[in-house]
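Let me begin by presenting the structure, written as structure tokens, before commenting on it.
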Amino acid sequence: MTTFTREDYEMAAKAYWGAEVDDVMSFYWDDGEQCIVYIHADNQDHNGQDVELLWNPPEDAGETLRLAVKLGVHAGYNEFTGCGFASWGRGTCGLNEYGPDDPCATTCRAIFRAAIAIGRAMP
């Protein structure tokens, strides 16, 4: 099972938010939560104050789905091999994630790994 580093989260966040970073949003690493905390102009309380939100796709399937859709990542799970897989860029790039746990968690990790690779490839 893959464990993710701060740099992994930052690369995935870069891929996910892209040009929005420094324009309408910012994010930082939270050591206590071991994930990204972000502030986005679209997320304000009833007084118009910015709200900080946690971003942890490997632990939140909803966030993982939004990540996959925004980045055009296609994913699935092969029950015979116990492998989650993800591809992007018209299928030109792909990777596998093996894990002893449930198929959804394994597939979420594969999607997150794809986002990391996309972020690393960005300028």
Starting from the Cα gyration tensor of segment 58-108, take the square roots of the eigenvalues, sort them a ≥ b ≥ c, and report rounded, prolate or oblate (rounded when a/c is under 1.5, otherwise prolate if a/b is larger than b/c, else oblate). oblate
Would you mind working out the magnitude of the charge dipole of the chain relative to its Cα centre, with +1 at each Lys and Arg C-beta and -1 at each Asp and Glu C-beta, to the nearest 20 Debye? 740 debye
Relative contact order for segment 81-123 using alpha-carbon pairs under 8 Å, separation at least 6, rounded to a whole percent? 38 percent
Share of Cα-Cα pairs in the chain beyond 23 Å, whole percent, is 31 percent
Filter the trypsin sites (Lys or Arg not before Pro) in segment 19-113 to those in DSSP coil with at most 16 other Cβ atoms within 10 Å of their Cβ, and list the result. 90
Placed amide H near residue 82: partners under 5 Å, 5+ positions off or other chain: none
At 20 Å minimum axial length over the Cα atoms and a Kyte-Doolittle cut of 0.0, report the qualifying DSSP H helices in the chain, or say none. 103-121
Tell me the mean residue ellipticity at 222 nm calculated for the chain from its helices only (DSSP H runs of n ≥ 4, each -39500 (n - 2.57), averaged over every residue, nearest 500). -11000 deg cm²/dmol
Which whole-number percent is the relative contact order of the chain (Cα, under 8 Å, 6+ apart)? 27 percent
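Every number here is computed from the coordinates shown, using simple stated rules; none is lab data. Just so it is clear, the structure is predicted and the values come from calculations on it, not from any experiment. Heads up, the Cβs are rebuilt from the backbone with ideal geometry, glycines too, and the neighbour counts pull from every protein chain shown.
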